[in-house]
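Contents: one structure, followed by commentary.
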Amino acid sequence: MSSSPETGARRPVHERAVEGLGTVTVVPVDPGGDAALIHRWVDDERARFWGMTGTTVEDVRAIYAHMDGLTTHHAFLVHRDGEPVALFQTYEPTEDRVSLCYEAEPGDIGIHLLVAAADGPARPGFTGRLLSALVDCALADPDRRRIVVEPDARNEKAIARFARSGFVLGPEILLPEIDLPDVHLPEKRARLAFLRREDRAA
């Protein structure tokens, strides 16, 4: 898998050694330096539910540069033993279109996760262990009480993965189209799922 710029130039927001996986390090996305790598991931057919197939490298750079200027939405590269393996995003649900589709609670945090295609043979248990580390990252702030996810309703594999990881499945929702000068998000049918801190601890 191709490497991104050195993680040492960007202070990790989370690092954890995971048994059977390696050291997971979460660093902020560098929109300029990481755009080509992220584009390879999001433009792949297997990432179609991420909603960025058909974009250019410059499109990706612009999208993540815009996000980099926000205080409510954040993007990170996830490394396993120094190699980039996933794109991880967090957001404030009250400042996102998902808040139009469910009743947000104090302490909610939303996440998105795109795991890159494996180089070589499949890695049994890889995604589950990685998600566990990222749940810890999302809940590192003790004020965070619940994780919210809303994968595409057609993405049965992602929905099943969240369920196996302890998320409680909620209703199917219709995320409305967002059409602003800096952001365009098409309408999307999604499936809500939630993980409370106390359920994670259990």
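The values are calculated or read from the model by the stated rules, or taken from the named source; none is laboratory data. Since we're looking at a predicted model, the values are computed, not measured. Every residue, glycine as well, gets a Cβ built from its backbone with ideal geometry; the counts of neighbours run over all protein chains shown. For the accessible areas, the whole protein counts, side chains as well, though only heavy atoms, and no ligand, DNA or RNA atoms are used. Shrake-Rupley method; radii C 1.70, N 1.55, O 1.52, S 1.80 Å.
The residues of the range 153-177 that are assigned to a strand (DSSP E or B), more than 22 Å from Asp136 (Cβ to Cβ) and open to solvent by 30 Å² or more (accessible area, probe 1.4 Å), listed by number, are Pro171, Glu172, Leu174.
Scanning the range 178-200 for residues that are modelled with pLDDT under 95 and open to solvent by 90 Å² or more (accessible area, probe 1.4 Å) yields a total of 7.
For Phe76, the conditions (1) more than 13 Å from the chain's Cα centre (by Cα); (2) hydrophobic (A, V, I, L, M, F, W, C); (3) under 29 Å from Ile173 (Cα atoms); (4) assigned to a strand (DSSP E or B) all hold with the exception of (1). Annotation: of all residues in the range 17-49 being open to solvent by 60 Å² or more (accessible area, probe 1.4 Å), within 15 Å of Leu87 (Cβ to Cβ) and assigned to a helix (DSSP H, G or I), the one that is modelled with the lowest pLDDT is Arg46. Is it the case that the range 123-146 has a residue that's within 24 Å of Arg46 (Cβ to Cβ) and part of a strand (DSSP E or B)? No; the residues of the range 123-146 include none that is within 24 Å of Arg46 (Cβ to Cβ) and part of a strand (DSSP E or B).
What do you reckon, is Asp152 at pLDDT below 95, charged (D, E, K, R) and closer than 17 Å to Ala47 by Cα? It is false that Asp152 is at pLDDT below 95, charged (D, E, K, R) and closer than 17 Å to Ala47 by Cα.
Right, Leu100: in contact (Cβ under 8 Å) with a residue 60 or more places away in the chain and either under 24 Å from Ala158 (Cβ atoms) or of a type in the set (Gly, Ala, Ser) (or both) or not? Yes.
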